[in-house]
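These notes concern the structure reproduced below.
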């Protein structure tokens, strides 16, 4: 029995008819565009709407989530993999009881896992479907193999882009690499752009049209547009103070934009069938890719 078949069997074993978490993956073509800010403040807005929320910090090179939350995790994914801790043990609780899991060095070591270790992780991650309604995955920036594997395992991707020319070109490069990935399925994946640090909605829409015109011409990756986060000095101040803007100043223009973004995402959930793979299915798909 090959590894792919074994992983499918693991998923089946953990696919009893219980609710599955909605997994939203936030990514960007380059660093420094506010990706982690989007992940954290969306989590806060979902929590305000009564959702149980967890953030999975998959950017193992940087610790943005814990820094911006002002909470230092005692454990990370490596403790789950190599020390036999349960998934509940490696969750750190931040403001508003929003949980986050640090990937740490564990993500970089996933390609060397045994099937027994993978089975243990998938069984533990399946518990997140009982602990959370929404899991937000904050990937690393760029087009590393680990980032791409996270994206092809995702059913729902938010691509954060700013008006900077390098951000636009790097977003295009990311979409190009995603579209060329052998396991990318455009019919089972939605990719939507978030225009960050723009002056207003009009500039955000113009940014989307600029990127999408090239994407439509050269790539087979449907790119949607979901909204804008305007440039806001109060947001910069909140980051410096290690507090999400949606908690520190909910009346700030950026906080209101995050609120609108959360509303749109929840409207999409009710108005159309959002694919909910759950964390067990997500991780099994991710692991199957890196073990090929």
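The values are calculated or read from the model by the stated rules, or taken from the named source; none is laboratory data. Not measured: the values here are computed from a predicted model. With ideal geometry, Cβ positions are generated from the backbone for all residues, glycine too; neighbour counts draw on all protein chains shown.
Examine the stretch 99-111 for a residue that is at pLDDT 95 or above and either more than 22 Å from residue 221 (Cα to Cα) or not in a strand (DSSP E or B) (or both), and state whether such a residue exists.
The initial filter retains those residues of the stretch 99-111 that are at pLDDT 95 or above, namely none.
Scanning the stretch 99-111, I find no residue that is at pLDDT 95 or above and either more than 22 Å from residue 221 (Cα to Cα) or not in a strand (DSSP E or B) (or both), so the answer is no.
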Criterion first (part of a helix (DSSP H, G or I), crowded, with 18+ Cβ neighbours inside 10 Å, at pLDDT 95 or above and in contact with a strand residue (DSSP E or B) (Cβ under 9 Å, 6 or more places away or on another chain)) does residue 282 satisfy it? no
Mind telling me which of the residues 122, 147, 160, 135 ends up being assigned to a helix (DSSP H, G or I), at negative phi, under 15 Å from the mean Cα position of the chain (by Cα) and touching a residue at least 12 places away in the same chain (Cβ under 8 Å)? 147
Pairs, first closer than 22 Å to residue 125 by Cα in the stretch 54-71, second modelled with pLDDT under 80 and in a loop (DSSP other than H, G, I, E, B), C-beta under 8 Å, six or more apart: 56/103; 57/63; 57/103; 58/103; 59/103; 60/103; 65/59
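Being crowded, with 18+ Cβ neighbours inside 10 Å, touching a strand residue (DSSP E or B) at 6+ places or on another chain (Cβ under 9 Å) and in contact (Cβ under 8 Å) with a residue 60 or more places away in the chain is the requirement here; does residue 211 meet it?
On the way: crowded, with 18+ Cβ neighbours inside 10 Å: yes; touching a strand residue (DSSP E or B) at 6+ places or on another chain (Cβ under 9 Å): yes; in contact (Cβ under 8 Å) with a residue 60 or more places away in the chain: no.
Taking the combined requirement at face value, the residue does not satisfy it.
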